[in-house]
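*Asks:* Below is the structure I would like to discuss, written out as structure tokens.
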Amino acid sequence: MNAAPANDVVTDLLVAGGGVAGVAAALAAARRGCRVTLVEREEVLGGTATLGMLGTICGLYPNGGPEPGELLNGGICAEIVAALSGRSAGSVPCKVGKVFVLPYDPRHLQELLTELCSREPTLTLGTGTLLTGAECTGGRVGKVTVRHRGEELTLHPRAVVDATGDGELAALAGAEFDLSPPGERQLAGLTVLLDHVGADDALGIRVPFVVARGIDAGILPELYRYTTFTRGMNPGEGALKVSLPAATGSTPDEVLSLATKLVGFLSRELAALATATIRFAPTRIFDREGRRVAGDYRLTADDILAGRKFSDGVVRGAWPMELWGPLRGASYRYPPDNDYYEIPLRCLKARDFTNLFTAGRCISVSHEALGSTRVIGCCIPLGEQAGLAAARLCSEA
Ligand SMILES: Cc1cc2nc3c(=O)[nH]c(=O)nc-3n(C[C@H](O)[C@H](O)[C@H](O)COP(=O)(O)OP(=O)(O)OC[C@H]3O[C@@H](n4cnc5c(N)ncnc54)[C@H](O)[C@@H]3O)c2cc1C
């Protein structure tokens, strides 16, 4: 990060969090000429979508038809989809049940986000930078502090976008938020990428079955109950996704041990996984649900089920409310087929604040509605719209 004297960073807009939502917010504002500082605590961009090693972008297309149809949202979302498709022949929409998803390579997404940011002359990228404080006076976030390589830096931005996924900036500034109690919060997740997966088209069914059998026989602990398998984009690749409470693995060693125990068990039980090896296991477990910052409007399950439209609707969504509950695993409730709901701009502005916007996972929605709005295909346009709204405010100030 470039610091001015006395460790003050000069910027119009601070975006906290460099997941897909934060990057889209920063790009949108920088492209409007705004001086933007994007801070991300990790050394790389993309957040859950890259470090979590997911492999499919959900929420890009309407549901129900035989073909994926037009993208629900254009702009930066369309740009990213086109670029990913250009980088990998396997990045074409495919149908899973009633919905369409876009397979992608997380490494390609990570490279792409970095390239897009580096092309913007008014965007300062601060990876390896932790947001540590935010002060609010008279409904305005006036001062933000961050730590970069052991050095404390201070920013006085005109506007801020909280894209930390967990509403961290908003909470530090004293904004109101909703947070489901741990027992009701959606399960977090751990994705393990495999190589040398043998031919077996039924692995998607066999893996959950043998895991359940192993748990019932007392060989595997209960926490593996919600394990799924999907094939990767290239031959021999696959991914195990385990949905489990966020507190399960708190150190990288614990998380790796969770992954190796599962792969060891599956390689003994299933011929197609007998020689499978772990290509990548994350060092932490990723949250599906965290703080949802109270906005001027709170999107609800009814809005989604009705395919509701709003006069200030800025983002279209169609992904079902996919809820990974601690007691019964995944449940799905769908918006109307071949239709979409809208997310109003009011969900992206923190209530009682004049210059605090939210993007991605931490916008103002109910617990159920988050099951739909949290997917990558929704978080990218949410970021873009928060960035545009913040840039408008900066240009007025
Ligand atoms: C197990 C699991 C499986 C999923 N599967 C899919 C799927 O298949 N398809 C799909 O479309 N979606 C999926 N999702 C949802 C989706 O990946 C995320 O909801 C989405 O990527 C969130 O993007 P975001 O930018 O809002 O937040 P995040 O990706 O959480 O990014 C927030 C960023 O802020 C940074 N940050 C946080 N605090 C600070 C701080 N104090 N200082 C600096 N930086 C900070 C974090 O490091 C992170 O990079 C899944 C999620 C999980 C957990």
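*Asks:* I'd like the full set of residues that are small (Gly, Ala, Ser), more than 16 Å from the ligand (Cβ to nearest atom) and more than 18 Å from Arg351 (Cβ to Cβ), limited to the stretch 280-304.
*Replies:* Within the stretch 280-304, Ala301 is the sole residue that qualifies.
*Asks:* Would you point out the residue of the stretch 208-237, among those that are touching a residue at least 60 places away in the same chain (Cβ under 8 Å), of a type outside the set (Phe, Trp, Tyr) and within 16 Å of the ligand (Cβ to nearest atom), that is farthest from Arg268 (Cα to Cα)?
*Replies:* Met233
*Asks:* So which strands (runs of 3 or more DSSP E) stay within the stretch 118-199 end to end and still have 1 or more residues that are without any contact (Cβ under 8 Å) to a residue 60 or more places away in the chain and either surrounded by 15 or more Cβ atoms within 10 Å (Cβ to Cβ) or not assigned by TED's automatic domain parsing to the domain that holds Ile376 (or both)?
*Replies:* 129-137, 140-148
*Asks:* So, in the stretch 235-273, exactly how many residues are closer than 25 Å to Gly183 by Cβ, of a type in the set (Gly, Ala, Ser) and exposed (fewer than 13 other Cβ atoms within 10 Å of the Cβ)?
*Replies:* Selection size over the stretch 235-273: 2.
*Asks:* Any residue at all in the stretch 330-348 that's closer than 18 Å to Asp166 by Cβ and not β-branched (Val, Ile, Thr)?
*Replies:* yes
*Asks:* Next question. Wholly within the stretch 309-378, which strands (runs of 3 or more DSSP E) include no fewer than the required count, namely at least 2 residues that are modelled with pLDDT under 95?
*Replies:* Filter on the stretch 309-378 gives 321-325, 329-333.
*Asks:* Is there any pair linking a residue in the stretch 378-391 that is assigned by TED's automatic domain parsing to the domain that holds Val81 to one that is near the ligand (Cβ under 8 Å from one of its atoms) and not small (Gly, Ala, Ser), with Cβ under 7 Å and at least six apart or on different chains, and which?
*Replies:* Cys378/Trp319; Cys379/Val20; Cys379/Arg361; Ile380/Val20; Gly383/Val20; Gly383/Val23
*Asks:* Look through the stretch 360-375, keep the residues that are among the small types (Gly, Ala, Ser) and either over 10 Å from the mean Cα position of the chain (by Cα) or closer than 20 Å to Gly33 by Cα (or both), and return whichever of them is surrounded by the most Cβ atoms within 10 Å (Cβ to Cβ).
*Replies:* Looking at the filtered set, the residue picked out is Ser372.
*Asks:* Just the residues that are out of contact with any Gly (no Cβ under 6 Å at 6 or more places or on another chain) and within 21 Å of Asp162 (Cα to Cα), please, taken from the stretch 268-289.
*Replies:* Correct list: Asp287, Arg288, Glu289.
*Asks:* From the set of residues in the stretch 26-72 that are among the polar types (S, T, N, Q) and within 13 Å of the ligand (Cβ to nearest atom), which is surrounded by the fewest Cβ atoms within 10 Å (Cβ to Cβ)?
*Replies:* Thr56
*Asks:* Right, another one. Can you tell me which residue within the stretch 202-234, out of those that are out of contact with any Lys or Arg (no Cβ under 8 Å at 6 or more places or on another chain) and of a type in the set (Ser, Thr, Tyr), is surrounded by the most Cβ atoms within 10 Å (Cβ to Cβ)?
*Replies:* Here the answer is Tyr224.
*Asks:* Whether any residue in the stretch 94-102 is surrounded by fewer than 17 Cβ atoms within 10 Å (Cβ to Cβ), assigned by TED's automatic domain parsing to the domain that holds Thr56 and over 22 Å from Thr373 (Cα atoms) is what I want to check.
*Replies:* Taking every residue of the stretch 94-102 in turn, none turns out to be surrounded by fewer than 17 Cβ atoms within 10 Å (Cβ to Cβ), assigned by TED's automatic domain parsing to the domain that holds Thr56 and over 22 Å from Thr373 (Cα atoms).
*Asks:* Please give the number of the condition Cys378 fails out of (1) more than 16 Å from the ligand (Cβ to nearest atom); (2) crowded, with 24+ Cβ neighbours inside 10 Å.
*Replies:* Exception for Cys378: condition (1).
The rows are residues; the columns are (1) of a type in the set (Ser, Thr, Tyr); (2) under 21 Å from Gly290 (Cα atoms).
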{"site": "Thr11", "(1), (2)": "yes, no"}
{"site": "Ala21", "(1), (2)": "no, yes"}
{"site": "Ala24", "(1), (2)": "no, yes"}
{"site": "Leu27", "(1), (2)": "no, no"}
{"site": "Arg32", "(1), (2)": "no, no"}
{"site": "Leu45", "(1), (2)": "no, yes"}
{"site": "Thr50", "(1), (2)": "yes, yes"}
{"site": "Gly55", "(1), (2)": "no, no"}
{"site": "Pro62", "(1), (2)": "no, no"}
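*Asks:* Follow-up question, since we're still on this one. With a cut-off of at least 2 residues that are free of Cβ contacts under 8 Å to residues at least 24 places away in the same chain and of a type in the set (A, V, I, L, M, F, W, C), name the helices (runs of 4 or more DSSP H) lying wholly within the stretch 1-99.
*Replies:* Counting at least 2 such residues, we get 75-87.
*Asks:* Quickly run through the stretch 270-299 and pick out the residues that are charged (D, E, K, R) and in a loop (DSSP other than H, G, I, E, B).
*Replies:* Of everything in the stretch 270-299, those that are charged (D, E, K, R) and in a loop (DSSP other than H, G, I, E, B) turn out to be Arg284, Asp287, Arg288, Glu289, Arg291, Asp296, Arg298.
The values are calculated or read from the model by the stated rules, or taken from the named source; none is laboratory data. Please read these numbers as outputs of a predicted model, since none were measured by experiment. Note that each Cβ is placed from the backbone with ideal geometry, even for glycine, and that neighbours are counted across all protein chains shown.
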